[in-house]
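**Q** Mind having a look at this structure? Questions to follow.
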Amino acid sequence: MNNQIFEQVDVYIKNLLAPEDKALTETVQSIKDEGLPQISVSANQGKLLQIFATICHARKILELGTLAGYSTIWLARSLPKGGKVVTIESDPHHAEVAKKNINRSGLSEMVDIRIGKAMEIIQKMIDQNESAFDLIFIDADKPPYAEYFQKALELSHSGTIIICDNVIREGQVLNPEKGDERVKGVHRLNEMLSKNQQVIATILQTVGAKEHDGMAIAVVK
Ligand code: SAH
Ligand code: DHB
Ligand code: MG
């Protein structure tokens, strides 16, 4: 595969349609400075998330896996006044870095960072009859992706868009038996999606700045 041309085209698209402002470049820098893993979505993927949030007129967004808040910033910028992103992060250091980035970007009123295990926090939301989210972005640990998706359905309404990051893993998903627990986890999600009657789903294969991967995109019927 010619990765170089994919990267060059990704930069071309980014420069045209998804340039990063100060808040985003400082967030990218904070990931390096604080020694966090460089696994945020790319700029073009962030813009795509923003487009989906705008398409569904999202006022209330749920994100599993905050890291430094890079995708959170793209998502929050699609919100109307009074809108909210609830983003869940289990690593307190990541959450602290994210909080600084969100504050610096002027979005702290719209973003609610919850520290803890995603499964526990979303189960609590379900038990407490939290009102439905308009868009849910699943991007935390990969092994329980299928279970996260099932829980996400319980926090959805007809028309909610559910997006799951990293479901192709450089094609390793074609041979899940040879892959690690992350590959097995996303493979299980993809199989489940193929049988799930509650959603219309596809997978968008992605190349460019990040390694070859894909996002599952589902809309609740
Ligand atoms: N959405 C971010 C990237 C998230 S990376 C972006 O694109 O900018 C995945 C994050 O999920 C990491 O910060 C990791 O600490 C967190 N995570 C891993 N397991 C988790 C769990 N069980 N609950 C909540 N967060 C988790
Ligand atoms: C990994 C996680 C991600 O969310 C991502 O976008 C890329 C890689 C990982 O855990 O390897
Ligand atoms: Mg990801």
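No lab work stands behind these numbers, since they all come straight from the coordinates. Not measured: the values here are computed from a predicted model. Because the Cβ atoms are built from the backbone with ideal geometry, glycine has one as well, and the counts that use them run over all protein chains shown.
**Q** How about segment 1-109: which helices (runs of 4 or more DSSP H) wholly inside it have at least 1 residues that are aliphatic (A, V, I, L, M) and buried (at least 17 other Cβ atoms within 10 Å of the Cβ)? Don't jump to the end; show me each part of the working.
**A** Numbers: elements: 3-17, 22-33, 43-55, 70-76, 92-104.
Because the criterion is at least 1 residues that are aliphatic (A, V, I, L, M) and buried (at least 17 other Cβ atoms within 10 Å of the Cβ), the helices (runs of 4 or more DSSP H) in segment 1-109 that meet it are 22-33, 43-55, 70-76, 92-104.
**Q** I would also like to ask the following. Six or more apart or on different chains, Cβ atoms under 8 Å: show the pairs whose first residue is in segment 33-44 and closer than 11 Å to Trp74 by Cα and more than 10 Å from ligand 1 (Cβ to nearest atom) and whose second is acidic (Asp, Glu) and assigned to a helix (DSSP H, G or I).
**A** Asn44/Asp10
**Q** Quick one: in segment 114-134, which of the residues that are in contact (Cβ under 8 Å) with a residue 24 or more places away in the chain and more than 12 Å from Leu64 (Cβ to Cβ) is surrounded by the fewest Cβ atoms within 10 Å (Cβ to Cβ)? I'd like the intermediate steps shown before the answer.
**A** Initially, segment 114-134 is screened for residues in contact (Cβ under 8 Å) with a residue 24 or more places away in the chain, giving 114-119, 121-123, 125-126, 130-134.
Those left that are additionally more than 12 Å from Leu64 (Cβ to Cβ): 115, 123, 126, 130-132, 134.
Working: Ile115: 16, Gln123: 13, Ile126: 12, Glu130: 15, Ser131: 8, Ala132: 15, Asp134: 20.
Per the stated criteria, the residue is Ser131.
**Q** Looking only at segment 113-153, how many residues end up being of a type in the set (Asp, Glu), under 18 Å from the mean Cα position of the chain (by Cα) and away from ligand 1 (no atom under 14 Å from the Cβ)?
**A** Here the count works out to 1.
**Q** So which residues in segment 164-192 are within 24 Å of Ile55 (Cα to Cα) and surrounded by fewer than 21 Cβ atoms within 10 Å (Cβ to Cβ)?
**A** Asn190
**Q** So is Ser131 farther than 16 Å from Leu75 by Cβ and assigned to a strand (DSSP E or B) or not? Steps first, please.
**A** Details: farther than 16 Å from Leu75 by Cβ: yes; assigned to a strand (DSSP E or B): no.
So Ser131 does not fit the description; no.
**Q** Just one of Thr202, Thr160 is more than 30 Å from Lys124 (Cβ to Cβ), more than 16 Å from ligand 2 (Cβ to nearest atom) and outside any loop (DSSP other than H, G, I, E, B); which is it? Break it down stepwise before answering.
**A** Details: Thr160 fails: more than 30 Å from Lys124 (Cβ to Cβ).
That would be Thr202, the only listed residue that is more than 30 Å from Lys124 (Cβ to Cβ), more than 16 Å from ligand 2 (Cβ to nearest atom) and outside any loop (DSSP other than H, G, I, E, B).
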